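Let me begin by presenting the structure, written as structure tokens, before commenting on it.
The values are calculated or read from the model by the stated rules, or taken from the named source; none is laboratory data. These numbers were taken from a predicted model, which means no experiment stands behind them. Glycine gets a Cβ as well: all are built from the backbone with ideal geometry, and neighbour counts include every protein chain shown. Note: accessible area is taken over every heavy atom of the protein model, side chains too, but ligands, DNA and RNA are not part of it. Shrake-Rupley method; radii C 1.70, N 1.55, O 1.52, S 1.80 Å.
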Amino acid sequence: SSGGPAPEPERDRPAAGSQLLSASKERFPGQSVYHIKWVRWKEENTPVITQNENGPCPLLAIMNVLLLAWKIKLPPMMEIITAEQLMEYLGDYILDAKPKEISEIQRLNYEQNMSDAMAILHKLQTGLDVNVKFTGVRVFEYTPECIVFDLLDIPLYHGWLVDPQVADIVKAVGNCSYNQLVEKIISCKQSENSELVSEGFVAEQFLNNTATQLTYHGLCELTSAVQEGELCVFFRNNHFSTMTKYKGQLYLLVTDQGFLTEEKVVWESLHNVDGDGNFCDSEFHLRPPSDPETVYRGQQDQIDQDYLMALSLQQEQQNQEINWEQIPEGLSDLELAKKLQEEEDRRASQYYQEQEQAAAQVQFRLCVQWCWVYFHVTFPTQQVQGAASPASTRQSGSNERKRKEPREKEREKEKNSCVLL
């Protein structure tokens, strides 16, 4: 797996992959399909497994660490992968990563660890029993699930720590794991000893005040413990994330399937306990806020929602309905907004053209009316003046016939002049 593209899962696989496949079929008859996002990671086109709503986050976090480290490689242009295939790739890597030159004791120890890991490897598809301790970022209560991370040589971190400067909380929590602390709180509440009751209350307040499972002391310790460029797994709120450190700052890999088409959204900074980090590309550059291609479907960006609502209101005001049957299914919010905007631009252009045509018609009517008024004011006056001297008209009949043709030409000339006005 470490050299060149790995063979496709459909072909003949080693024994580990077949065993894992058989075990997963027995436990999980219905397998999920996960989309692959290809990112430019350190000048190489690298796949990242994205997560759907109920995805197996431990398996994806581990696989993404191995993919970003180029320890596992997928066929180029691969777009989807099943849980069965992911388990096969992981099982094959475990076999290939077996140390070659080790002593007999080390070999036996490694084989025992591999056997224990194989026994619980199927849990990666649903969740691992990981129980943190509040004294260190790499301190967990030992469980068989932790063997997987040791076997794969992937560091596992958390940031749910007690600040050592707060003495009463340090005393109340002690060296307990999370499960042990919950049991202690229940026991202290039922005690008749006021000191124990107070200690249980302090411990309960600590859990309530740090419900995000990350403290600022833990964040500082985490930043200090993670090595520069290290690829590891971060545990928080029963979720496993792929994490790294770049120029002293921690980043979590964005694996939400809603960002599948967002090439510039790869990492999210981890700089506070509230979880509102900044999105970055594969080179850890901040995402340009004005980039129209960064529409966060998974996060339901409020700006885009307002924009779509405004377009909808405009369509209602115009009393014109969109033929939704002609709009393809599966469009993203950005593509839908573009289509709505194109339709709005087309209607606006049509509206302006109609307004221009109406204005031209009004102007033409005014011109015709003005010409009609001009003719009926000017020429009837000339006819009345001619009727006031009938004798003169009879005496100069021949002259009038001679002038008739020039007058018609003059009228034609005046008519043309009026039309020009």
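Averaged over residues, the count of other Cβ atoms within 10 Å places the peptides 176-187, 192-203 in the sequence 176-187, 192-203, highest first. Dimensions of segment 140-273 based on its C-alpha atoms, expressed as ranges along the principal axes with the largest first, amount to 59, 31, 29 Å. Averaging the Cα positions of each part gives two centres, and for segment 218-234 and segment 118-170 these lie 14 Å apart.
Within 13 Å, Cβ to Cβ, of ARG107, how many net charges do the neighbouring residues add up to if Lys/Arg are +1 and Asp/Glu are -1? Local charge sum for ARG107: -1.
Classify segment 87-129 as rounded, prolate or oblate, taking a ≥ b ≥ c as the square roots of the eigenvalues of its Cα gyration tensor: rounded when a/c is under 1.5, otherwise prolate if a/b is larger than b/c and oblate if not. If you can, show how the numbers build up before the last one.
Working: a/c = 3.97, a/b = 1.79, b/c = 2.22.
Oblate, since a/c reaches 1.5 and b/c is not below a/b.
Just to be sure I understand: if I project the alpha-carbon convex hull of segment 36-189 onto a plane and average over all orientations, what area do I get in nm²?
Working: hull surface 52.0 nm².
Mean shadow area of the hull around the Cα atoms is 13.0 nm².
In plain terms, if you count all Cα to Cα distances in segment 200-292 and split them into 10 Å steps from zero, the share in each step is 15, 45, 27, 11, 3, 0 percent. Per-atom-type breakdown for segment 242-286 gives carbon and sulfur 43% of the accessible area (1.4 Å probe, protein chains only).
Residues in segment 134-146 carry Karplus couplings, in order, of 8, 9, x, 6, 10, 9, 10, 5, 5, 9, x, 5, 5 Hz; the curve used is 6.51 cos²θ - 1.76 cosθ + 1.60 with θ = phi - 60°, and Gly or Pro positions show x.
Peptides 43-50, 77-84 ranked from most to least packed, by the mean per-residue count of other Cβ atoms within 10 Å: 43-50, 77-84.
The residues packed around ALA167, meaning those with a beta-carbon under 15 Å from its beta-carbon, carry a net charge of -3 if Lys and Arg are +1 and Asp and Glu are -1. When the alpha carbon coordinates of segment 102-180 are projected onto the principal axes, the ranges are 48, 32, 19 Å, largest first.
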